[in-house]
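Report on the following structure.
The values are calculated or read from the model by the stated rules, or taken from the named source; none is laboratory data. Values in this document were obtained by computation on a predicted structure and should not be read as measured data. Backbone-built Cβ (ideal geometry, glycine too); neighbour counts: all protein chains shown.
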Amino acid sequence: MSNSNQPTAGTEPYPTARTVEDFVRTIAAVRARIAAASERSSGAPSAVRLLPVSKTVSEDRIRLAVRAGLHEFGENKVQEATRKHRALADLDVSWSIIGHLQTNKARDVAAYATEFHALDSLRVAGALDRRLDVAGRELDVFVQVNTSAEPQKYGIHPDELPAFLAALRDYSSLRVRGLMTLALFTSDTERVRTCFALLRTLRDRMRSIGPDLIGPGDLSMGMSGDYETAIEEGATIVRVGQAIFGARATPDSFYWPDATPSGTPASS
């Protein structure tokens, strides 16, 4: 069974949005798919938050996207996010860091990010907490869980999640909002679905252990190639880039070390 939102051979599934009108059209198309997937899962479209992913997108095109109605963006690499944050400081937009973080980048994230979607170590938690304390800020964070059992992929092992969440109580500047995962990079929808279902199960289990561990229990899962499946399995935040902005020339392996040529990558 193939993913209904995967590219089809011989076509350009993600045309590049170059005008405000293009962005209005692509955003509307994504929101329509979110609504349809929500209906299939008996949920409300308003319960699913769209986080547009602007990695590799130029500042000029982001300005067009803002004119089309977008006001928050996700970036994988802190250096790129910092550059865009500064270049677009005149706009009313917020920035979420959604990729793996090295501790030497914690200062930048603490200075301006509103969210961090890839918390996977106490070392990073400590670095962020110290920087946030100095800045007098707090930060919403999502704990990344490795639901695919791929050794090369970032994320907490599911068995380590309860202890990890309990340890985060010591970092007062971090506000745990829920969990995040990257599914398998494959066109096999049912294998992808298994990753999303596991994250939902873990969230529910954490709620039963201690509701305060998980905050509101949001699930950040699903990208351009698989966000509809993610919504069917309970996603409350989907991170969508190419379906809004257009196909990227940069391969997924540049951002995701687990991406391989096999299968069809579920790109953001």
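Scan Ala118, Ala81, Ala113, Ala87 and give me the residue that is farther than 23 Å from Asp60 by Cα and touching a residue at least 24 places away in the same chain (Cβ under 8 Å). Just one listed residue meets the conditions, Ala118.
Of the residues making up the range 39-66, those that are modelled with pLDDT of 95 or more, surrounded by 14 or more Cβ atoms within 10 Å (Cβ to Cβ) and hydroxyl-bearing (Ser, Thr, Tyr) number 2. Looking at the range 170-191, can you tell me whether even one residue there is more than 29 Å from Ala135 (Cα to Cα) and without any contact (Cβ under 8 Å) to a residue 60 or more places away in the chain? Within the range 170-191, one or more residues are more than 29 Å from Ala135 (Cα to Cα) and without any contact (Cβ under 8 Å) to a residue 60 or more places away in the chain.
Selection of the range 67-84 for residues being loosely packed, with under 15 Cβ neighbours inside 10 Å and in a loop (DSSP other than H, G, I, E, B) yields Gly69, His71. Number of residues in the range 120-130 that are surrounded by 20 or more Cβ atoms within 10 Å (Cβ to Cβ), more than 19 Å from the chain's Cα centre (by Cα) and either under 12 Å from Phe164 (Cβ atoms) or of a type outside the set (A, V, I, L, M) (or both): the value is 1.
Please tell me if Ala87 is surrounded by fewer than 17 Cβ atoms within 10 Å (Cβ to Cβ) and small (Gly, Ala, Ser). Taking the combined requirement at face value, the residue satisfies it. Being on the phi < 0 side of the Ramachandran plot, in a helix (DSSP H, G or I), small (Gly, Ala, Ser) and surrounded by 20 or more Cβ atoms within 10 Å (Cβ to Cβ), is that true of even one residue in the range 194-205? Among the residues of the range 194-205, not one is on the phi < 0 side of the Ramachandran plot, in a helix (DSSP H, G or I), small (Gly, Ala, Ser) and surrounded by 20 or more Cβ atoms within 10 Å (Cβ to Cβ), which makes the answer no. Here is the figure for the range 140-189: residues that are of a type in the set (Ser, Thr, Tyr) and within 14 Å of Ile237 (Cβ to Cβ) total 1.
Listed by first and then second residue, the pairs with beta-carbon distance under 8 Å, at least 6 apart or on different chains, first residue in the range 226-238 and at positive phi and touching a residue at least 40 places away in the same chain (Cβ under 8 Å), second assigned to a loop (DSSP other than H, G, I, E, B) and of a type in the set (S, T, N, Q), are Gly234/Ser41. Of everything in the range 106-117 that is crowded, with 21+ Cβ neighbours inside 10 Å and either in contact with a helix residue (DSSP H, G or I) (Cβ under 9 Å, 6 or more places away or on another chain) or not acidic (Asp, Glu) (or both), the residue that is farthest from Leu182 (Cα to Cα) is Ala110.
On the given criteria, is Gly69 under 21 Å from Val124 (Cβ atoms), out of contact with any Cys (no Cβ under 7 Å at 6 or more places or on another chain) and in contact (Cβ under 8 Å) with a residue 40 or more places away in the chain? Answer is no for this residue. Restricting the first member to the range 128-143 and to residues that are in contact (Cβ under 8 Å) with a residue 24 or more places away in the chain, and the second to residues that are among the basic types (Lys, Arg), the beta-carbon pairs closer than 7 Å and six or more apart or on different chains are Arg131/Arg107; Glu138/Arg175; Leu139/Arg175; Asp140/Arg175; Asp140/Arg177; Val141/Arg175; Val141/Arg177; Phe142/Arg177.
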